[in-house]
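Only one structure is covered here, and it is reproduced in the block below.
Values quoted throughout were computed directly from the atomic coordinates according to the rules given, and no laboratory measurement underlies them. None of these values were measured; they are calculated from a predicted model. Cβ placement follows ideal geometry from the backbone for every residue including glycine, while neighbour counts extend to all protein chains displayed.
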Amino acid sequence: MRLSQMYIRTLREVPNEAEIPSHIWLLRAGMIRKLVSGVYGFMPLGFRSIRKIEEIIRQEMDAKGGQEIHMSALQPAELWQESGRWYAYGPEMWRIKDRNEREFCLGPTHEEIFTDIVRSEVSSYRQLPLNLYQIQTKYRDEKRPRFGLMRSREFVMKDAYSFDKDWEGLDKSYRDMYDAYEKVFTRCGLVFRAVEADTGAIGGSASHEFTALSDVGESEIAYCGQCDMAATTERAACVDAPASNEQELPMEKVLTPGTKTIEEVSNFLGVDQSKTIKALLFKVCGEKEDEFEYVAAFIRGDRELNMTKLINALGIPEHSIEFADESQMAEATGCVGGFTGPVGIHDCKVVVDSELAGLKNLVAGACEVDHHIKNVNYGRDYNGDIVTDLKLLKAGDQCPVCGAPVKLARGIEVGQVFKLGTKYSKAMGAYYKDENMEDKIIIMGCYGIGVTRTLAAIVEQHHDENGIIWPMTVAPYHAIVTVVNTSDEAQTKLAETLYQKLLDSGVEALIDDRNERPGVKFKDADILGIPVRITVGKKAAEGMVEFKLRRDKEIMELSADEALEKAVSIIKSELK
C-alpha cells in the first residue's frame, strides 16, 4: 500500500483526553478516532491489526473444535428475565424499547442467547459436546468510560460457550479453552498471567482471568513466589490471624472525644490498630424503588474491606449496594457515624469478617457519640448474621496456600474463562436426553476475549517514547520502504523495486512515497510502529539502503538485496 494514497493522519501533539500510552499512541498513529466518550471507530491501520487479532483467535478456537456463528447484538428482554439477570446486570446494560414498547437490550454478553439456541436445537447426547463462538460488538453503558479502548462503551469481544453432558466434559472444555487462550495471547506478543478470578455478573463456580501485565491496568493480581497461587485481589482468599488465647475481659465503655478514625482511637487509647474493629455501613437496594435493607460490615481495624467478597456474601448484584447515609441509618439501626460498633446496633444485617471471631478483647465503637467499648469479644458480646472472609489481600500478607509473603502486580484483563455449570441451563430449561432417553441438564462454560482491549494491551506493552512497536503477528503491515527524496529518480526506482519484491515474497508492505520531508517520514514510521523499515536515500544509485528493526536502535547499511533477504527472513521467522 502506498502512503500517498492511504487514508491516514498522524498527530504531532498528545490529545488532551489521552492519559495512558495505548490511548495516546493509537490516537496519534491515526488508528482509532473518538466519536463520543467511550465510543471509538477504527481507521485503516488500526482495523488491520484488529482483524489480525481476530484471525489468531479464530485459528486457535477452530483448532479446539469451536464453531463460529454470529448473533444479533439486539436481545429481547424476555430471555434476560428468564435467566434472572434483567435486574441483576444493573445500569451498565443498555436497555431500549421498540415502537411497540417491547423491551430489548444491546447485548453486553450472550449467555442467554446461546442457551436459547441450544435448548431449542439440541435434544440428544449425541449432539454434545458443543462449542459455539462469535466475534461481535458488545455494549456496556460504563459510568466512567476512560483510557481509550480499556474501558469503553462499545467494544469487540470474542465470546464462546461450551455445552457438555457432564461435569467431566466441562472440565475438558475449560482446559481446552484455557490452552487456546494461552496460545492466543502468546501469539499476540503479550506477557500475561492466568489467575483465579471472581465470576461477577456472569456467575458460575470457577473462573480464571488472563491478565496482561501493565502498570496502568485496572486489575490487581496477587501471586506467590513460592507456590502456584495467583488470583485477582478481589478473588484471593486471606489467611486469618491465629486465634487469641487471651482471657476474655469485661467490656468497658470509655470516653474517646473526637476519635472517629481507627488511627485516632488507636492513638488515643494506646492500642495497636490490629486490636480495633472497623465498621462500614451500607444500604442495599432491592428491585423495587422503596425496597432496601441496611448492612453493617465489621473487619479488623488495620484491614481493608474487599467489596467483592461482601457482595458475594450478601448474594446481591454489584450495582445494588452503596454506602449508607449515616444519619438516615442511625434512626433505623442505632449506628453513630465514626463511633459504630457491633454491640448495640440493631435492625440491620451484620456481616463479620471471619478473623474477628477468633480475636479477643478488641476496641469497637459504642454506638454513642465520643465513646468506644474496650474488651469486645465475638460470641459473648455480639454475633454476625454472616461470618466470612471480607479482607482485601495486601502485599506481604500470607499466601493462603503455602504461607509465604504474597506479591502484587497490576494488569489489564484481556480474557476470562468461566465454569458456568447449570446457572443458565437450569434457569432456562436446557436439557438433553441421555442413552436411556432420560432428561439431563446441560453443563455449560463461557469464555471471553476482549479483542479491542487486547489491541490496547499490546500497545501498552510494546511502545517507546517515539510510538508503537508492533509484534510481527499483529502489525498492520510488516515492512515499510521509506523514500527519502521522491524527486530523485534513483531512489524512487530502487524503492519501487524493493517494495514490489517484498510483495512478491508475501510480505505485507508499505511504501512511503509521499512528498514530505524525511524527518516527517521517519517520525511517522516510528509512530506507526511497522516492524521493519528499509530507507532508500542518498546511496540508492550505489544500490545501498538502510535497514532498521523498529524495536532496535541499530541502523545497518546493507545492499538492497541483503536488506530484502534479511527483511523476508525475519518476517517469515516471526510469523511462524
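For this structure, a couple of remarks:
- Exposure proxy order (Cβ contacts within 10 Å, fewest to most) of D385, D512, D198, D552: D552, D385, D198, D512
- Residue-span extension gain [N383 to A77] - 0.36 nm each, minus C-alpha spacing: 106.0 nm
- Pairwise FRET efficiency - K538 versus E92, Cβ, R0 = 41 Å, nearest 0.05: 0.10
- Whole-angstrom gap from the range 415-433 to the range 363-394, using each part's C-alpha centre: 39 Å
- Alpha carbon centroid spacing (whole Å) that separates the range 442-511 from the range 81-135: 37 Å
- The length gained on full extension between L503 and E103, counted as 0.36 nm times the residue separation minus their Cα-Cα distance, comes to 138.9 nm.
- For volume of the Cα convex hull per residue in Å³, calculated from these coordinates, the label among (i) 201; (ii) 166; (iii) 249: (i)
- Based on DSSP H segments of at least four residues, each scored -39500 (n - 2.57), the chain has a per-residue ellipticity at 222 nm of -8000 deg cm²/dmol.
- Residue-by-residue Karplus 3J(HN,Hα) for the range 353-361, coefficients 6.51, -1.76, 1.60, Hz, glycine and proline x: 5, 4, 5, 5, 5, x, 9, 10, 6
- Antiparallel bridge percentage (DSSP; both residues within the range 477-575; nearest 5): 50 percent
- Percent of C-alpha pairs per 10 Å bin in the range 373-486, short distances first: 9, 15, 19, 21, 18, 10, 5, 2, 0.
- Solitary cysteines of the chain, where the nearest other Cys Cβ is not under 4.7 Å: C105, C188, C238, C285, C335, C348, C367, C446
- The L11 and L35 beta-carbon pair, evaluated with R₀ = 22 Å, returns a calculated FRET efficiency of approximately 0.85.
- Rounded to the nearest 20, the Cβ-based charge dipole of the range 477-575 about its Cα centre (Lys and Arg +1, Asp and Glu -1) stands at 280 debye.
- Those GluC sites (Glu not before Pro) in the range 478-559 that DSSP places in a loop and that have at most 10 other beta carbons within 10 Å: E554
- With a simple spin-label model that places each label point 7 Å from the Cα along the Cα-to-Cβ direction, the separation between K288 and E516 comes to 6.4 nm.
- Applying the Kirkwood pairwise sum to the alpha-carbon positions of the range 146-243 produces a hydrodynamic radius of 15.8 angstrom.
- The range 1-31 and the range 274-319 have Cα centres lying 44 Å from one another.
- Residues with amide H under 5 Å from that of G301, placed H, sequence gap 5 or more: T276, I277, K278
- Exposure proxy shown here: for M177, M556, M1, the number of other Cβ atoms within 10 Å sets the order, fewest to most, as M556, M1, M177.
- The value obtained for the range 252-388, namely the Cα convex hull volume divided by the number of residues, is 96 Å³ per residue.
- Cβ-Cβ FRET estimate between K143 and E489, R0 fixed at 41 Å, reported to 0.05: 0.10
- Full extension of the chain between A395 and M556 gives 53.4 nm of extra length, using 0.36 nm per residue less the Cα-Cα distance.
- Modelled label positions at N436 and E331, each set 7 Å beyond Cα in the direction of Cβ, lie 6.1 nm from each other.
- Taking other C-beta atoms within 10 Å as the exposure proxy, H463, H346 rank H346, H463 from fewest upward.
- Cα-Cα pairs of the range 452-495 separated by more than 17 Å (percent): 51 percent
- For the range 473-576, average projected area of the Cα convex hull in nm²: 5.9 nm²
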